[in-house]
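Have a look at the structure below, then the notes.
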Amino acid sequence: MANDNLSAVIYGPKDLRMENREIAIPKAGDTDSFATEVQINVRATGICGSDIHYYHAGRIGNRVLDPKNPMVLGHESSGIVSALGEGVKNLRVGDRVAIEPGTYCKKCDRCVEGRYNLCYEMHFSGSLMNGPNHGSLCRYANFPEHLCHSIPETMTYQDGALIEPLAVAVHSVNKTPIKQGSHALVFGAGPIGLLVAATAYAKGAEHVTIFDINEHRLQFATEYLPKIKTVQLPLPESDTPDLLAWSQQTIEKLVTSGVIDRENIDVCFECTGVESCIQMAMFAARRGGVIMLIGLGKGRALLPTEVMSVREVDVRGNFRYAHAYPEAIELVSQGKVPLRGLVTHQYKLEDTLEAFDKVMKGGAGVVKVQIGDF
Ligand SMILES: [Zn+2]
Ligand SMILES: [Zn+2]
């Protein structure tokens, strides 16, 4: 075990520096041990879209990095417990864990009602909201004990770091009526779309169709989930005068040619955040169906509200997860959700900049890039 704390620190656009930071002592908690920390020797961290946003633009929305107050990136991590704060009850040094990277207050109304992903005081690793909150793309990081979920011996660190995006999938599928025999459409064959499709199958969905514009991603989807049906979508021209009409026509063509069976589509999972995809999801759902918005795009889209009123299609949103880690870990350890093949590229922590470069370049065959000591 290396005893430096090499960390990936973001200062601004394209300004990611590898620095050796102090290894902090895990804190003792309050009376109910809610904040009692353990120190984790991080072994695997996945690079996610939000890390890339900070790397590329130095901001997410109106939250901008301050170079005088830089931030350690990373939030999709697993590792091994290397030290205990005073009062730790359930973990031991040497335990292997998946890290849930959002510290919530446990006191506000949203936390009390169990929707802690909506906590007003959320401190999410590698995010600027209520921060900067230092992330886990480093050798050692401290987290509250209750956010470190034990993973079984059979689970690799790579799989442990995929529990974070899988938790997003589990949380979102649980908020829809997916059950035995359901039909689902998934927009976007990136890591989240693939995990959503896998989770829908695990919960009994009979038919899942995945849409993407990229044939390589669809090819990968078929290798990952052989049962899945794939459809390559056209891309609207950037000067399409009426995007909503284009989206409607695109779906009508798929319906009339029999590619999708609209009156059987119970849930559309939108994992791209792209306006035309959000619109297509609305036109593709059956009467009384559900649209689950997961992808974060521009945050603005023109929607056909008549679909919501006349067809009673429910549009729901998803932000991260609450109480989803234990179920995500169980789905993987019981073999109900496969993770094999999702990590397509691995880099050492020392080679973090190379890893970011790989994600930025993208291209065929890049699904999930991870960094760490595996
Ligand atoms: Zn993420
Ligand atoms: Zn709260």
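The values are calculated or read from the model by the stated rules, or taken from the named source; none is laboratory data. Here the structure is a predicted model, which is why all the values come from computation and not from measurement. All Cβ positions, even for glycine, are placed from backbone atoms using ideal geometry, and neighbour counts span all protein chains on display.
Counting the residues of the stretch 123-144 that are buried (at least 20 other Cβ atoms within 10 Å of the Cβ), on the phi > 0 side of the Ramachandran plot and touching a strand residue (DSSP E or B) at 6+ places or on another chain (Cβ under 6 Å) gives 0. Screening Gly74 with (1) among the small types (Gly, Ala, Ser); (2) more than 16 Å from ligand 1 (Cβ to nearest atom); (3) assigned to a loop (DSSP other than H, G, I, E, B) gives one miss only, at (2).
For the stretch 220-242, check the following and say yes or no: at least one residue is among the aliphatic types (A, V, I, L, M), farther than 29 Å from Gln334 by Cα and either assigned to a helix (DSSP H, G or I) or at pLDDT 95 or above (or both). Quick ask: steps written out before the conclusion?
Within the stretch 220-242, the subset among the aliphatic types (A, V, I, L, M) is 221, 225, 228, 231, 233, 235.
Now restrict to residues that are farther than 29 Å from Gln334 by Cα: 231, 233, 235.
Then drop every residue that is not either assigned to a helix (DSSP H, G or I) or at pLDDT 95 or above (or both), which leaves 231, 233.
Yes - at least one qualifying residue is present in the stretch 220-242.
Within the stretch 117-127, being in a loop (DSSP other than H, G, I, E, B) and either within 16 Å of ligand 1 (Cβ to nearest atom) or within 13 Å of Val38 (Cβ to Cβ) (or both) holds for Met122, Ser125, Gly126. One residue stands out among those in the stretch 1-48 that are under 19 Å from Val97 (Cα atoms), touching a strand residue (DSSP E or B) at 6+ places or on another chain (Cβ under 7 Å) and of a type in the set (Ser, Thr, Tyr): the one that is modelled with the lowest pLDDT, which is Thr36. Of the numbered criteria (1) exposed (fewer than 15 other Cβ atoms within 10 Å of the Cβ); (2) under 30 Å from Gly335 (Cβ atoms); (3) of a type outside the set (D, E, K, R); (4) within 16 Å of ligand 2 (Cβ to nearest atom), the one Gly94 fails is (4). Would you tally the residues in the stretch 13-50 being surrounded by 14 or more Cβ atoms within 10 Å (Cβ to Cβ) and within 16 Å of ligand 2 (Cβ to nearest atom)? Qualifying residue count for the region: 2.
Tell me which residues, restricted to the stretch 129-140, are within 15 Å of ligand 1 (Cβ to nearest atom) and in contact with a Gly (Cβ under 9 Å, 6 or more places away or on another chain). Break it down stepwise before answering.
Let us first name the residues in the stretch 129-140 that are within 15 Å of ligand 1 (Cβ to nearest atom), namely 129, 133, 135-137.
Within the stretch 129-140, Asn133, Gly135, Ser136, Leu137 qualify.
Arg311 meets the conditions (1) under 20 Å from the mean Cα position of the chain (by Cα); (2) surrounded by fewer than 18 Cβ atoms within 10 Å (Cβ to Cβ); (3) modelled with pLDDT of 95 or more in every case but one. The failed one is (1). Of all residues in the stretch 285-305, those satisfying the criterion of being surrounded by 15 or more Cβ atoms within 10 Å (Cβ to Cβ) and in a loop (DSSP other than H, G, I, E, B) are Ala285, Arg286, Gly289, Ile294, Gly295, Leu296, Ala301, Leu303, Pro304. Search the stretch 99-116 for residues being closer than 20 Å to His75 by Cα and among the β-branched types (Val, Ile, Thr), and hand back the single one that is nearest to ligand 1 (Cβ to nearest atom). The residue in question is Ile99.
Count of the stretch 334-362 residues, restricted to those that are under 19 Å from Ile163 (Cα atoms), surrounded by fewer than 18 Cβ atoms within 10 Å (Cβ to Cβ) and of a type outside the set (S, T, N, Q), is 6. Per the conditions (1) within 16 Å of ligand 2 (Cβ to nearest atom); (2) over 20 Å from Ala324 (Cα atoms), the sole criterion not satisfied by Lys106 is (2).
Here Lys253 meets the list (1) closer than 21 Å to Lys203 by Cβ; (2) free of Cβ contacts under 8 Å to residues at least 24 places away in the same chain; (3) not in a loop (DSSP other than H, G, I, E, B) almost entirely, failing just condition (1).
The sole residue among Gly317, Gly365 that is closer than 28 Å to Gly61 by Cβ, among the small types (Gly, Ala, Ser), touching a strand residue (DSSP E or B) at 6+ places or on another chain (Cβ under 8 Å) and surrounded by fewer than 13 Cβ atoms within 10 Å (Cβ to Cβ) is Gly317.
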